[in-house]
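Trainee: Quick one: this structure, given as structure tokens, is what I'll be asking you about.
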Amino acid sequence: MNGQPAADVVELIRDVPIYRTSIERGHFPILEKPEIARGFPDNWMTPALAAALEGGEAEFVLSTGTNHARMQIIRPPYFLLDSYYRLWSEHPDIHDTWDEGCRRVSLTTVLATEHVARVNAKKRGADPSPVPTPDERRLDARTVYLNLRLDPALWEREDVERMLGEIRAAAAAHPRGRYHLDCSGYHLAHLVHKVGEWGLWDAFPAPASIIHAYEYTPVNVRRYLGRHFACPVVDLFGSTELGYLYYSDRRGRYRPYLDKMSVELIPVAPGSEIFGLIVTSVRNPHMPLIRYRSGDCARTLDGTPDPARISRFCGREKELLDTPRGPVAQADLDDRIADASHRVFLHRLHVDGGDRARLLVTTFDGAPLDAAEAAVLAESTGDLTGRHCRVERVPHIPIGASGKYAWLVKDL
């Protein structure tokens with residue numbers, strides 16, 4: 001598959017300045033993020049887009065910038081939310097909670113909460129409140145954002161009790177007490193841990209469905225959530241600029257959701273079975289992306305570049321670790337950790353310019369790993385990375401400024 005767009009797609013983008021040279025040459029190279037930003041927004045401007053911006057049918061927003069420089073994009077208002085809601089409403093395991101009108105509570109980064117509060121304040125012609133109320137954190141009639149702190153490990157009992165109260169309010173709005181929980185897997189795991197530590201389970205109504213959709217969720221975190229919640233727990237994969245592309249079922253198997261999209265998989269290095277995602281999408285009519293390198297990595301069921309056979313999304317291309325055996329992705333290390341011990345919660349690998357590595361870990365119960373677990377983990381990580389690895393259990397791994405965790409730090 002050469003990845004070149006079909007004739008009907010070329011016709012849709014004929015007036016977009018960034019693609020004129022490619023159309024003239026009859027070949028579309030891979031579109032990189034710096035190219036999108038070069039000359040922005042003139043390189044995207046068409047008469048139709050100018051009219052959409054003037055009429056409010058299109059808006060400028062920034063990508064999250066979690067794993068790369070923040071990128072300005074143009075999209076319809078609520079583009080990502082509409083993609084989420086449509087997928088939720090059609091998902092075979094959880095569409096019933098959509099159909100029943102269940103409220104959605106979102107437990108993710110504080111940056112997401114602050115964005116919602118900022119947008120709502122702008123609508124009121126006011127400045128955002130230092131501590132926004134639930135109404136000020138309401139995305140729409142259905143969704144409220146909960147988190148008000150950067151690092152969920154530092155939530156205090158007052159924070160947790162407030163969030164549980166807001167969850168109970170969402171459940172109480174449904175005749176059967178049902179609600180939908182949207183989260184980062186890490187944030188929900190922190191909440192579960194603190195609820196257990198402080199004996200607050202009676203104050204935490206069980207969700208009817210759970211989606212984690214904001215970052216890679218480690219195997220041990222998925223296991224931990226699965227032990228505490230009986231409802232379906234599914235993953236969505238997507239981005240600010242693309243919307244959602246894949247969803248998992250409740251057993252973790254991924255299904256494509258490529259409305260007005262196609263995906264190519266290209267090895268991140270010769271011979272590697274880690275593939276980079278190249279996406280062609282006209283789902284966003286204001287900024288169609290042709291052969292766009294999303295920066296995400298995936299593996300497939302059989303090691304072939306077949307996007308219909310993706311078995312997992314395994315991290316970011318910019319966060320690959322070079323080793324003597326080839327590139328290593330976030331999920332590769334995660335698998336080694338999960339095989340060595342179910343007790344590891346957070347982890348961060350530090351590598352230097354030589355042959356040494358330190359693997360920092362926290363545990364769900366706060367207790368150190370036993371000697372056998374630590375030895376297996378050190379040996380397995382060393383084998384994976386081609387480095388002499390030392391495992392260190394630490395009480396706290398801080399979250400990044402983006403509200404997400406880094407799995408790899410290069411101490412060069």
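The values are calculated or read from the model by the stated rules, or taken from the named source; none is laboratory data. Quick caveat: nothing in here was measured; it's all calculated off a predicted structure. Neighbour counts run over all protein chains shown; Cβ positions are idealised from the backbone, glycine included.
Trainee: Return the residues of the stretch 255-274 that are aliphatic (A, V, I, L, M) and in a loop (DSSP other than H, G, I, E, B); say none if nothing qualifies.
Mentor: Within the stretch 255-274, the subset aliphatic (A, V, I, L, M) is 258, 261, 263, 265-266, 268-269, 274.
Matches in the stretch 255-274: Leu258, Val268, Ala269, Ile274.
Trainee: Right, something else. Anything in the stretch 33-74 that is among the charged types (D, E, K, R) and either assigned to a helix (DSSP H, G or I) or modelled with pLDDT of 95 or more (or both)? List them, or say none. So that I can check it myself, show each step before the final result.
Mentor: Start the filter on the stretch 33-74 by keeping residues that are among the charged types (D, E, K, R), which leaves 33, 35, 38, 42, 54, 57, 59, 70.
Result: Lys33, Glu35, Asp42, Glu54, Glu57.
Trainee: Only one of these is over 28 Å from the mean Cα position of the chain (by Cα), under 19 Å from Thr323 (Cα atoms) and surrounded by fewer than 19 Cβ atoms within 10 Å (Cβ to Cβ): Asp355, Asp411, Asp370, Asp335. Name it.
Mentor: Numbers: Asp411 fails: over 28 Å from the mean Cα position of the chain (by Cα); Asp370 fails: under 19 Å from Thr323 (Cα atoms); Asp335 fails: over 28 Å from the mean Cα position of the chain (by Cα).
Result of the check over Asp355, Asp411, Asp370, Asp335: Asp355.
Trainee: Hey, another quick one. If you check every pair at least six apart or on different chains, which have Cβ atoms under 7 Å apart with a residue in the stretch 164-193 that is crowded, with 23+ Cβ neighbours inside 10 Å first and a residue that is modelled with pLDDT under 95 second?
Mentor: Short answer, once both residue conditions are applied: Asp182/Ala213; Ser184/Tyr214; Ser184/Glu215.
Trainee: Kindly evaluate Pro128 against the criterion of being surrounded by 16 or more Cβ atoms within 10 Å (Cβ to Cβ), in contact (Cβ under 8 Å) with a residue 12 or more places away in the chain, farther than 19 Å from Cys231 by Cα and not hydroxyl-bearing (Ser, Thr, Tyr).
Mentor: Numbers: surrounded by 16 or more Cβ atoms within 10 Å (Cβ to Cβ): yes; in contact (Cβ under 8 Å) with a residue 12 or more places away in the chain: yes; farther than 19 Å from Cys231 by Cα: yes; not hydroxyl-bearing (Ser, Thr, Tyr): yes.
Criteria met by Pro128.
Trainee: Inside the stretch 171-195, can you point out the residues that are out of contact with any His (no Cβ under 8 Å at 6 or more places or on another chain) and small (Gly, Ala, Ser)?
Mentor: Ala171, Ala172, Ala173, Gly177, Ala189
Trainee: Here is a further query. Looking only at the stretch 211-270, count how many residues are among the β-branched types (Val, Ile, Thr) and modelled with pLDDT under 95.
Mentor: Of all residues in the stretch 211-270, those among the β-branched types (Val, Ile, Thr) come to 211, 217, 219, 221, 233-234, 240, 263, 266, 268.
Among the residues that remain, those that are also modelled with pLDDT under 95 are: 240.
Final tally of qualifying residues: 1.
Trainee: Can you find a residue that is part of a strand (DSSP E or B), assigned by TED's automatic domain parsing to the domain that holds Cys102 and more than 22 Å from Asp334 (Cβ to Cβ) anywhere in the stretch 275-282?
Mentor: Residues of the stretch 275-282 that are part of a strand (DSSP E or B), as a first pass: 275-281.
When the remaining residues are screened for being assigned by TED's automatic domain parsing to the domain that holds Cys102, the result is none.
No: zero hits.
Trainee: From Asp306, Asp296, Asp334, Asp302, grab the single residue that is at pLDDT 95 or above and within 20 Å of Glu35 (Cβ to Cβ). Give the derivation first.
Mentor: On the way: Asp306 fails: within 20 Å of Glu35 (Cβ to Cβ); Asp334 fails: within 20 Å of Glu35 (Cβ to Cβ); Asp302 fails: within 20 Å of Glu35 (Cβ to Cβ).
Matching residue, one of Asp306, Asp296, Asp334, Asp302: Asp296.
Trainee: Condition test on Ile337, is it touching a Pro at 6+ places or on another chain (Cβ under 9 Å) and in a helix (DSSP H, G or I)? Break it down into steps so the answer makes sense when it comes.
Mentor: Details: touching a Pro at 6+ places or on another chain (Cβ under 9 Å): yes; in a helix (DSSP H, G or I): yes.
Against the criterion (touching a Pro at 6+ places or on another chain (Cβ under 9 Å) and in a helix (DSSP H, G or I)), Ile337 qualifies.
Trainee: Looking only at the stretch 300-318, which residues are surrounded by fewer than 20 Cβ atoms within 10 Å (Cβ to Cβ) and not polar (S, T, N, Q)?
Mentor: Step one: filter the stretch 300-318 for residues surrounded by fewer than 20 Cβ atoms within 10 Å (Cβ to Cβ), giving 300-306, 308-309, 311, 317-318.
Matches in the stretch 300-318: Leu301, Asp302, Gly303, Pro305, Asp306, Ala308, Arg309, Glu317, Lys318.
Trainee: Look through Asp151, Asp159, Asp135 and report the one residue that is loosely packed, with under 14 Cβ neighbours inside 10 Å and over 18 Å from Val234 (Cα atoms). Lay out the reasoning, then the answer.
Mentor: On the way: Asp151 fails: loosely packed, with under 14 Cβ neighbours inside 10 Å; Asp159 fails: loosely packed, with under 14 Cβ neighbours inside 10 Å.
It is Asp135.
Trainee: Same structure, new question: Which residue is nearest to Met261 (Cα to Cα), if the candidates are limited to the stretch 97-125 and must be in a helix (DSSP H, G or I) and touching a residue at least 60 places away in the same chain (Cβ under 8 Å)?
Mentor: Restricting attention to the stretch 97-125, the residues satisfying the condition of being in a helix (DSSP H, G or I) are 97-99, 110-124.
Now restrict to residues that are touching a residue at least 60 places away in the same chain (Cβ under 8 Å): 97-98, 110-112.
Details: Thr97: 27, Trp98: 24, Val110: 31, Leu111: 28, Ala112: 26 Å.
Among those residues, the one meeting the criterion is Trp98.
Trainee: Hey, can you tell me all the residues within the stretch 138-148 that are surrounded by 14 or more Cβ atoms within 10 Å (Cβ to Cβ) and not charged (D, E, K, R)? Working first, answer last.
Mentor: We begin by selecting, within the stretch 138-148, every residue surrounded by 14 or more Cβ atoms within 10 Å (Cβ to Cβ); these are 138-139, 142-148.
The answer is Leu139, Thr143, Val144, Tyr145, Leu146, Asn147, Leu148.
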